[in-house]
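> Submitted below is the structure of interest, expressed as structure tokens.
The values are calculated or read from the model by the stated rules, or taken from the named source; none is laboratory data. Just so it is clear, the structure is predicted and the values come from calculations on it, not from any experiment. A quick note on method: Cβ atoms are made from the backbone with ideal geometry, for glycine too, and the neighbour counts reach across all protein chains shown. Areas reflect the complete protein model, heavy atoms only, side chains present, ligands, DNA and RNA absent. Shrake-Rupley method; radii C 1.70, N 1.55, O 1.52, S 1.80 Å.
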Amino acid sequence: MKNPHRARLRVLLMATCLAAGAGGVAPGALAAKAPPARNTPAPPSDAAVEARARALLGQMTQAEKVGQLVQFFYSGTNAGATTSDASAKPYDADAAIARGEVGSLLLVTDPNEVNRLQRIAVENSRLKIPLLFGFDVIHGFHTIMPVPLAMAASWDPKVAEAGQAVAAAEARAAGVNWTFAPMVDITRDPRWGRIVEGAGEDPVLGAAMAAAQVRGFQGSYIGAPGHIIAGPKHFAGYGAATGGRDYDEVELSDSQLHNVYLPPFKAAVDAGAGNIMSAYMQLNGVPAAANGWLLNEVLRKEWGFKGFVVTDAGGVLSLPRQGAAASPEEAATRAINAGVDLSMEFPGKSPMLSLVDAVKADTVSQDTLDTAVLRLLEAKIRMGLFENPYVDPKAYAAQIADPAHAQVARTAAERSAVLLENEGGLLPLNAAKTKSIALIGPFADSWHDTLGPWVFTGPKPTGVSILEGLKAKLGTKVALSYSPGVPVPERIHKSFFDGKVNPPVPLPAFDAKSEFDKAVALAAESDVAVLVLGEAQNMAGESASREGLGLPGRQQELLEAVIATGKPVVLVLMSARPIDLKGARPAAVLDVWYPGSQGGPAVADLLMGDAVPGGKLPYSWINSASEAPYSYDFMPSHAPWGAATRYWDTATSTPRYPFGYGLSYTTFAYANLAVSKDTIAKGASLDVSFDLTNTGKRKGEEVAQLYIHQRAGTSSRPVRQLKKFARMALAPGETRRVTFTLTADDLRYWSAATRGWVEDASAFDVWVGGSSKADLAGEFTIAP
Ligand code: BGC
């Protein structure tokens, strides 16, 4: 039988591979949706879904209704699990499901366990309403993709879409109906560990990646076979955590919110996301789970979001801790009135159950309660759970064995790598001349770190380390020696996740002194040293902020000792932050992020030239942590002349590498910029065209970027803003004429002066090029 989901996946895979080949991605194609799968059953109409949900609602008691608004963490069997409150009585979650007090579970990822729990809901509860299973499918389920920040570094939304489509297919087959992803929080502070989960610092790149991931997860409609509901998070502003300290409060101006932090959420909603997760922290003093302005006014009224809102884990119960409610009952009332539908919780007596009394006391209206319940019922109806509550473990086994999935992961890892330095064209390594390679570093043979942070409680992950990848690629042609040199650095503070779920996998024990010396000696004996350094996978992600951006542990010392051998050094960086190399200058630096299951083969291909790096930085690579927060789109100051030397005690205050930067094994040139109209009226569009030429000797891919600056306006406007981009493959010597269209949507912004969206009459600068330093310039004017 034809599997429609597979057909769609192959279309996406082909699109990704084509883009990697001579075809490239036409600029217009970036906005194009993947074609809907053939033979896919049509979704039921909105009216049919609502009618069915209302009919069910009509049969529900108040207690059954509030039960639908509760989602429990469920790991293994929770019978007897306690809440985070040590004094609470053990709680039997299975019995609560049978009583209809739980509508959804998270963290169940085994198909047999999904079926067991679903059976309790479907066979033992009075109304037989199935459970909705949610999970953090962040960068893969069984096949692990490069982390989302890496996907953003590909500047190729199709890569992100294809990766999340694979993740969705595997998760759905296991019985997961909904993911708490994509994380679309903009951040400009790399100390914040969750930078790894998002798309970096820019709203335009962030919006493109947000929409692409929603399409990948959900397919062409909510409930499409092989797909799951997407839940963009954390609404909103979480990435601006004060000092980069996870969970701490966020103070953001309305202008920053509307122009920078909200656009990726808006793009995700426009792409049809079925869920939104509210953030934990206070935004301008109001905890996100109680922020009625954000949830009811912006999300629902302004943007027309029709799905359900879930809190972040324990978000309702944290309202009293955050000083925003006097009791758990008041917290539940505040949250639902603010627009929350579902409360994610540790198992225990849910505060949401108290909403029965809140309706009696008239602090919550019957309509508010019913509307929240309807939204959850509609999600279950759309996912087909009433007809098909169970999954087939055999189908799951077949799904994760599909070799196409590994290919998607490998292509994504290759396309997300960013080449930062390549002195003397050291990379790619010359297979004919390189007789020996010393592979060094604590992450060179650590498949676990190669996977990245959100490899959580799902199926036992596997991955191929860089050592394994290189060994397989080189065979006996090149002598490959290996030493970790130094141990994997350890976190000072254990995180909530450490030791509980997929704990760090230590390297085999070795003697620290002799291994360090051995690594340096191997480098000295070899033609080239390849160091794989960076941050352990648990140094990024939730609750994993860092105060500094240096290489943790003794890695810096190792790097300097290897450089001191005088051998050519390639540094492969595995991290999700700009790393401060403190003046050490390896000849070549390749940032591979956390490249996922297929990281080993992908990095081997990149090093040996069978893949050409074409990724670009999704953030400004600041010199050190003390420059955070930073973004390239700052406002022009009254003293632009000193902008590069703002600090008394460092030589520069400009980033080491600009936003959008990345080298290739070939070179590109931009020329002949033409703006289609000198002057346009408000609301009109114009085209910006230019020639892009591959001036080198190899085929390669370039991400052409277009930036604008509005010279005068109701508010000051940033010195530069990315507006368009396209990744294209070009043959050596090939020139392509590229056209980007700027529309009124690209030229308007939210102004604090008028407290609304404006399109000003003004002169504009426009630049195109291969980074935010693009210097091929033009101009145009919006007439008054
Ligand atoms: C995180 C969310 C995540 C949730 C469930 C929370 O602590 O902030 O991003 O989805 O846990 O795992």
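> Please compute P(r) over all alpha-carbon pairs of the chain, binned at 20 Å starting from zero, and give each bin as a whole-number percent.
In whole percents, the pair-distance histogram is 17, 50, 30, 4, 0.
> Let me ask something else. On a 0 to 90 degree scale, rounded to 10, what angle separates helix 512-525 from the longest Cα axis of the chain?
The angle comes out near 40 degrees.
> What is the Å³ per residue value for the convex hull set by the Cα atoms of segment 668-782?
Details: hull volume 9.6 nm³, N = 115.
Hull volume over Cα atoms, normalised by residue count, gives 84 Å³.
> Given a 1.4 angstrom probe, I'd like the percentage of the accessible area of the chain that is carbon and sulfur, rounded to a whole number.
Working: 15500 of 28150 Å².
Carbon and sulfur together cover 55 percent of it.
> Turning to a different aspect of this structure: List every residue whose amide H lies under 5 Å from the amide H of residue 661, counting only residues 5 or more places away in sequence or on a different chain, with H placed 1.01 Å from N in the peptide plane.
Distant-sequence amide H within range of residue 661: 617, 772.
> Check cross-link reach from residue 723 to the lysines: straight Cα distance under 25 Å, and skip same-chain residues fewer than eight apart.
Answer for residue 723, where 25 Å is the Cα cut-off: 33, 158, 233, 266, 616, 677, 682, 773, listed by chain and number.
> Along segment 483-490, what does the Karplus equation 6.51 cos²θ - 1.76 cosθ + 1.60 (θ = phi - 60°) give for ³J(HN,Hα), rounded to whole Hz, x for Gly and Pro?
Each residue's phi maps through the Karplus curve to give 8, x, x, 9, x, 4, x, 9 Hz.
> Testing the spin-label approximation: label points 7 Å from Cα along Cα→Cβ at residue 679 and residue 491. State their distance in nm.
6.0 nm
> Can you list residues whose amide H is under 5 Å from residue 486's amide H, if they're 5+ apart or on another chain and H is modeled 1.01 Å from N?
441
> Are there chymotrypsin sites (Phe, Trp or Tyr not before Pro) in segment 611-695 that DSSP puts in a loop and that have at most 14 other Cβ atoms within 10 Å, and which ones? Show your work: numbers first, answer last.
Details: sites: 619, 621, 630, 632, 634, 641, 647, 648, 659, 661, 665, 668, 670, 690; in loops: 619, 630, 632, 634, 647, 648, 659, 661, 665.
Here the chymotrypsin sites (Phe, Trp or Tyr not before Pro) that fit, given the DSSP loop and packing criteria, are 634, 647, 648.
> Against the longest alpha carbon principal axis of the chain, how many degrees, from 0 to 90 and to the nearest 10, is the axis of helix 4-20 turned?
For helix 4-20, the angle is close to 20 degrees.
> What is the distance in Å between the Cα centres of segment 96-118 and segment 541-605?
That distance is 42 Å.
> Next question, about the same structure. Could you name the aspartates and glutamates in cross-link range of residue 360, using Cα to Cα under 17 Å and dropping any fewer than eight places away on the same chain?
Excluding near neighbours in sequence, the set is 64, 329, 330, 370.
> Another one. Number of Lys pairs in segment 417-607 with C-alpha atoms less than 17 angstrom apart, excluding same-chain neighbours closer than eight positions?
9
> Within the chain, what percent of beta bridges assigned by DSSP are antiparallel, to the nearest 5? Let's see the in-between values first.
Values: 49 of 91 bridges.
For the chain, the DSSP antiparallel bridge percentage is about 55.
> Another question, then. Kindly write out, for segment 98-108 in residue order, the coupling ³J(HN,Hα) from the Karplus curve 6.51 cos²θ - 1.76 cosθ + 1.60 (θ = phi - 60°), rounded to whole Hz, with x marking Gly and Pro.
Using θ = phi - 60°, the values come out as 4, 7, x, 8, 9, x, 7, 10, 10, 6, 8 Hz.
> With a sphere of radius 15 Å drawn around the Cβ of residue 428, what net charge do the other residues whose Cβ falls strictly inside it have (Lys, Arg +1; Asp, Glu -1)?
Numbers: positive: 433, 473, 477, 697, 698, 699; negative: 414, 421, 423, 527, 605, 610, 701.
Charge balance in the 15 Å sphere: -1.
> Ordered by residue, what ³J(HN,Hα) values in Hz, to whole numbers, does segment 752-760 give under the Karplus form 6.51 cos²θ - 1.76 cosθ + 1.60, where θ = phi - 60° and Gly and Pro are x?
Ordered by residue, 3J(HN,Hα) equals 6, 5, 10, 6, x, 7, 10, 10, 8 Hz.
> Next question, about the same structure. Under a Cβ-only charge scheme (Lys and Arg +1, Asp and Glu -1), can you give me the dipole magnitude of the chain about the Cα centre, in debye to the nearest 20?
Numbers: 73 positive and 78 negative charges, 326 e Å.
The calculated dipole for the chain is roughly 1560 debye.
> Still on this model: Just reorder 454, 178, 293 by solvent-accessible area, largest first, 1.4 Å probe, all chains present.
Numbers: 454 20, 178 0, 293 105 Å².
Heavy-atom accessible area, descending, gives 293, 454, 178.
> Using helices alone, what [θ] at 222 nm do you get for the chain, with -39,500 (n - 2.57) per DSSP H run of 4 or more residues, divided over all residues and rounded to the nearest 500?
Values: 21 runs with 209 residues, N = 784.
The helix contribution divided over the chain gives -8000 deg cm²/dmol.
> In bins 5 Å wide, starting from 0, what share of all Cα pairs of segment 417-607 does each bin hold, as a percent?
1, 8, 18, 22, 22, 16, 8, 4, 1, 0
> With a probe of 1.4 Å, find how much accessible area the chain has per residue, and write the answer as a whole number in Å². Working shown, then result.
Details: 28150 Å² over 784 residues.
Dividing the accessible area of the chain by its residue count gives 36 Å².
> Separate question: Kindly identify segment 516-635 as rounded, prolate or oblate by the Cα gyration tensor criterion: order the square roots of the eigenvalues as a ≥ b ≥ c, call it rounded if a/c is under 1.5, otherwise compare a/b with b/c, prolate if a/b is larger, else oblate. Write down the numbers at each step before the final one.
Working: a/c = 1.72, a/b = 1.36, b/c = 1.26.
Prolate, because a/c is 1.5 or more and a/b exceeds b/c.
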